[in-house]
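The structure under discussion appears below in the form of structure tokens.
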Amino acid sequence: MVTQPRRVAITGMGLVTPVGNNLGETWQSLLEARSGVAPISLFDASGFSVRIAAEVKGDTYLSNTGHKRLSKAATRSHLFALASAEEAIQDAGIRPDAANGHRWGCSVGTGMVSVDFPELEALQREAAPAGELDTDLMLSSSIASDPIAFCRSQSAQGLSLLVERYAIKGYTTSVHTACASGGQAVGTGLKLIRRGDCDYVLAGGFDSMISPLGLAGFCLLNAVSTDNHNPHTASRPFDASRNGFVLGEGAGFLVLEEWEAAVKRGARIYAELAGEGNSLSSYRITDSHPSGDGPIQAMQQALQSAGIFPEQVDYLNAHGTSTPMNDRSEAAAAHVVFGSHIKDLSVSSTKSTMGHLIAAAGAVEAAICALTIHHGKVPINANLTQRDPDCNLNFICDKAKDQAVRVAMSNSLGFGGSNSCLVFREPGAS
Amino acid sequence: MITGLGAICASGKQPEQILDSLLDGTISIAEIGGWDGENWPCRLGGVVGFSPRELINDRKLLKLIKKTDVVGIYAAEQALNSAGISTYRESLASADDDSFAERFGLYVGTSGGYYDTQYDFLPLISEANGSMQTIGERLGESVNPMWLLGNLPNNVVCHVGIRNKLKGANACITNHGTSGSLSIIEAFESLRIGDTDRAIAIGHDAPVEPQTVLYYQKAGLLADAQLTPFDTDRSGCILGEGGAALVLETLEAAESRSAPIHAEILGKGCTSEAEGLLPVRVDGDGVARAICLALEQAGLETQQIGMIVCHGNGTRTSDLSEGVAIRRVFGTQIPPITCFKWAFGHLLAAAGSIDTVLALTALQRGIVPAIAPLSNIDPSLQELPIAKVAREPISNTALILSRGFGGQNSALIIRASSR
């Protein structure tokens, strides 16, 4: 007997992004294409070759981060996670309780381990005065003795804060596949419900690399745009003149729920998380093949996993980082996957307005896809003025498009070659 | 089906060799040589002594990766070789090999990174003397341009993929002590649902660096001297370096190429206790639930389990709660219990991987290795059949437990093929 796989409903979402402190604000900004890119304010970036980024503005999200006891051991990106998870849980109108906590899972995409820069500076003063670490001096260093600093910097800490806050007692996991992390975390959530490990999953991603070390890492690789004088147009995916991505930060969380359970409780369903695909480019650390090999397989698997034909897809939220290699490879992949349907497929990269949220990007863009289905509107690919002839797709430009989106797709392609693709379907469809 | 194995740690660089060392009762934990630890309160670690060049013959790659990646790639390629993967692929036509690559998954458990990766910036910070502007301006003169790529947590996914042309579904799991087990579990599930035909599950870690060791010591997690799991006088854990890998194939895929089948994965369970990063519940709640889930998926009764490989990290509450959980689930009929960390340290993200590889190797030899340094079993665990001397397993099935920060637990059940 062939049993139908369990379906997955998206019933709650929360966002903290460079263009909004919550879901509603972010969506409104996307529709109006309000850029979140500006000169860096979090630290003095005046000496860096890149001095712009897409920072989360203000701190109204902090009202959602919960008890001080939790947030004391949280980094900036953990606070984004706590706030957007709370918004998602409230939005879904359901939370783990004593009876079903063990049926809840949590799957998060997290960034690289790092400590806050002032802590590294303190360590340098205390334990490496001449630049080389002196391990005997480290013994008396305040940072290396601080248990809170220890907890905050652990790679499982973001996950731990979330599962403790909500008493999530089932399958819990952190994943890191660089820029594909968020997409992989949401895809993992889908699998956990499909295979029966969980009935509910809090899935998302969080990151903040807008720090001296994070920015330095990307500057050294020449991966980020140096358009310091034109921050609003610096991120221009698929434009012939693009010269790198713009670093962003934030978090996105989704409440995923087994379909029947969601229907039974009369939940509002934004969209069905219908499929996920996952592949490895195995070409270069930073790129996939110009032919699209790698992303092609992820997109095809996601469609197959959703039981959807390419011509049914209405909208592609492209990874679209605004680096020459990524955009070209992704566009080539879309041509292979969609064939002649490509001219009818609406495409945009929302990184054009909010920058690249790295480990959070895939989760945030998953929420955006669900919103395009829910609202019947497609946000634009901003700053596209001179089309790269090698990236010939049906981009939504100028203004958001009213369009009934029955199926949406989101790509996340990471450094290291991991590709994650998610497919979303309108809730009325079966 | 498990068709290939690889492992490296302070006790050796092959599964059989490591098991031999365990059976001899050898403790491969020693003074850490990486820095001057004379004044340090904690000087022990399970360090892998081989030079990177002895493990991977690719000078260009070695410039780009860290020790944790070296042991991960080494263990992975050992497992692929032992499964005869490259030999088999040589017989395939090019188109068949493409589809082989696309249906071959990679699941890796690793740390998210450690503190030493950031020390590359210390000279620059010192030179800048408080001026952030200087840091920005002199960045390119001071820090290696490839710094970020060298420190990507998903480097092993990337390089094992490129070096061996594997292109299927993949994940990089950064979940502390359960990372390695979860990599096996996700590979297993990807085969079950048909995302892949074959997959490699790799765990690798190298946490023996100053700031991590010091933090663990300050948090009260490290042993004063030896790691003596379940002993009355146990005082904590000791960190170790290493990697381990398993090649998994569906039965059909394994049989189609007449692969040697070592074992079958039967079931898994994963739970969280949700009480914070460091606390562990003394009633063993998370461990007990994980075991029950694994038994349920495997369709096994407790009496059918032949041996239990505990997490056994040597900290007071973790060991105790594991014992409590086992008693709760198994009642009075408990199979022999052992654990391995006492010999080479806690490999954190690779712990579940190496424990599974060694459990399987031990099952194949029909032996439950003794916990050599155990002298007086904790009175509250007295009635548990903890292996003070080597014994025979009750059956060819093993239950492997892993635990990690955040109150996370996993249980895995494997059955060795008879031979």
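Relative contact order for segment B:147-236 using alpha-carbon pairs under 8 Å, separation at least 6, rounded to a whole percent?
Once normalised by length, the contact order is 15 percent.
Taking θ as phi - 60°, what are the ³J(HN,Hα) couplings along segment A:310-325 by the Karplus curve (6.51, -1.76, 1.60), each to the nearest whole Hz, with x for Gly and Pro?
x, 6, 7, 7, 9, 9, 10, 8, 6, 4, x, 6, 5, 9, x, 5
What percent of all Cα-Cα pairs in segment B:263-419 falls in each 10 Å bin, counting up from 0?
Calculated P(r), rounded to whole percents: 12, 46, 37, 6, 0.
Out of the GluC sites (Glu not before Pro) in segment B:290-371, which ones are loop residues according to DSSP with at most 15 other C-beta atoms within 10 Å?
B:Glu301
Based on alpha-carbon centroids, what's the gap between segment A:392-409 and segment A:164-190 in Å, whole number please?
First find each Cα centre; the distance between them is then 28 Å.
Mean shadow of segment B:345-419, computed from the convex hull of its alpha carbons, in nm²?
Dividing the Cα hull surface by four gives the mean projection, 6.0 nm².
What is the dipole size for the protein assembly as shown, taken about its Cα centre, with +1 at each Lys and Arg Cβ and -1 at each Asp and Glu Cβ, in debye to the nearest 20?
Computed about the Cα centre, the dipole is about 1100 debye.
Calculate, axis by axis, the spread of Cα positions in segment A:368-425 along the three principal axes, and write the results as whole Å, longest axis first.
34, 29, 15
Under a cut-off of 26 Å between alpha-carbon atoms, report the lysines in cross-link reach of B:Lys66, not counting same-chain residues fewer than 8 places apart.
Within reach: B:Lys13, B:Lys165, B:Lys167, B:Lys218, B:Lys341.
Taking every DSSP beta bridge with both residues inside segment B:260-419, roughly what % is antiparallel (nearest 5)?
That works out to approximately 75 percent antiparallel.
When you look at the Cβ of every residue in B:141-153, what mean number of other chain Cβ atoms sits within 10 Å?
6
Need one number: convex hull volume per residue for segment B:1-88, Cα atoms only, in Å³.
Per residue, the Cα convex hull of segment B:1-88 comes to 127 Å³.
Can you pull the semi-axes for segment A:137-232, root of five times each eigenvalue of the Cα gyration tensor, sorted largest first, whole Å?
Those come to 31, 24, 10 Å.
Quick check: net charge around A:Asn326, other residues with Cβ under 14 Å of its Cβ, Lys/Arg +1 and Asp/Glu -1?
Net charge around A:Asn326: -2.
Does chain B come out rounded, prolate or oblate by the C-alpha gyration tensor, with a ≥ b ≥ c the root eigenvalues, rounded set by a/c under 1.5 and, if not, prolate when a/b is larger than b/c and oblate if not?
Cα axes put chain B in the oblate bin.
Relative to the compact-globule scaling 2.2 N^0.38 Å, provide the ratio for the alpha-carbon radius of gyration of segment B:26-156.
My calculation over the Cα atoms of segment B:26-156 gives 1.44.
Cα-based Rg of segment B:118-161 per 2.2 N^0.38 Å, rounded to two decimals?
That ratio works out to 1.45.
Sort A:139-145, A:63-69, A:370-376, B:343-349 by packing, meaning the average of other beta carbons within 10 Å per residue, with the highest value first.
So the peptides A:139-145, A:63-69, A:370-376, B:343-349, ranked by packing, come out B:343-349, A:370-376, A:139-145, A:63-69.
Classify segment B:144-225: rounded, prolate or oblate, from the alpha-carbon gyration tensor (a ≥ b ≥ c, eigenvalue square roots; a/c under 1.5 rounded; otherwise prolate if a/b is larger than b/c)?
Note, shape of segment B:144-225 comes out oblate.
Out of B:Leu191, B:Tyr119, A:Pro18, whose Cα points farthest toward the positive end of the dipole of the protein assembly as shown (charges: +1 Lys, Arg; -1 Asp, Glu; placed on Cβ)?
B:Leu191
Cα centroids of segment A:16-56 and segment A:253-304: how far apart, whole angstrom?
Between the Cα centre of segment A:16-56 and that of segment A:253-304, the gap is 26 Å.
Rounded, prolate or oblate for segment B:277-321? Axes are the square roots of the Cα gyration tensor eigenvalues, ordered a ≥ b ≥ c, and the cut-off for rounded is a/c under 1.5.
Prolate, because a/c is 1.5 or more and a/b exceeds b/c.
Roughly how crowded by other chains is peptide A:111-118, in terms of the mean Cβ count from those chains within 10 Å of each of its Cβ atoms?
So the per-residue partner count for this stretch is 5.
Rg/Rh for segment A:251-400: what does it come to with C-alpha atoms and Rh from Kirkwood?
The Rg/Rh ratio comes out at 0.96.
Within 10 Å, count the other beta carbons around each residue, average over each peptide in A:15-26, B:66-77, B:85-96, and list them highest first.
Answer by packing, highest mean first, reads B:66-77, A:15-26, B:85-96.
Distance between the C-alpha centers of segment A:64-106 and segment B:147-226? Whole Å please.
26
Please give every one of the aspartates and glutamates within straight-line cross-link reach of A:Lys191, meaning a C-alpha to C-alpha distance under 18 Å, and leave out same-chain neighbours fewer than 8 residues apart.
A:Asp199, A:Glu257, A:Glu258, A:Glu260, A:Glu272, A:Glu276, B:Glu186, B:Glu189, B:Asp195, B:Asp197
In units of 2.2 N^0.38 Å, what is the alpha-carbon radius of gyration of the protein assembly as shown?
Dividing the Cα Rg of the protein assembly as shown by 2.2 N^0.38 Å gives 0.88.
Which values, in whole Å and largest first, are the semi-axes of the equivalent ellipsoid of chain A obtained as the square root of 5 times each eigenvalue of the Cα gyration tensor?
Whole-Å semi-axes of the equivalent ellipsoid: 32, 28, 19.
Average the reciprocal distances over every distinct pair of alpha-carbons in segment A:326-430, invert the result, and give the Kirkwood radius in Å.
Computed over segment A:326-430, the radius equals 14.4 Å.
Can you list the cysteines of chain B that have no other Cys Cβ under 4.7 Å away?
So, B:Cys9, B:Cys42, B:Cys158, B:Cys172, B:Cys237, B:Cys270, B:Cys292.
Ignoring everything except DSSP H segments at least 4 long, calculate the 222 nm mean residue ellipticity for chain A; use -39,500 (n - 2.57) per segment, divide by total residues, nearest 500.
It comes out at -9500 deg cm²/dmol, rounded to the nearest 500.
Mind putting together the pair-distance distribution for segment A:173-275? All Cα pairs, 5 Å bins, whole percent per bin, short to long.
2, 10, 16, 16, 14, 11, 10, 9, 7, 3, 0
Across the residues of B:160-170, average count of Cβ atoms on other protein chains within 10 Å?
The mean count of partner-chain Cβ atoms within 10 Å per residue comes to 6.
What span do the alpha-carbon atoms of segment A:19-91 cover on each of the three principal axes, reported in whole Å from largest to smallest?
Sorted from largest, the Cα extents of segment A:19-91 read 39, 33, 13 Å.
Can you give the Kirkwood hydrodynamic radius for segment B:177-307, in Å, rounded to one decimal and based on Cα pairs?
17.7
Taken together, the values in this text are just the output of simple stated rules run on the coordinates, not laboratory data. Quick caveat: nothing in here was measured; it's all calculated off a predicted structure. Positions of Cβ are generated from backbone atoms using ideal geometry, with glycine treated the same way; all protein chains shown enter the neighbour counts.
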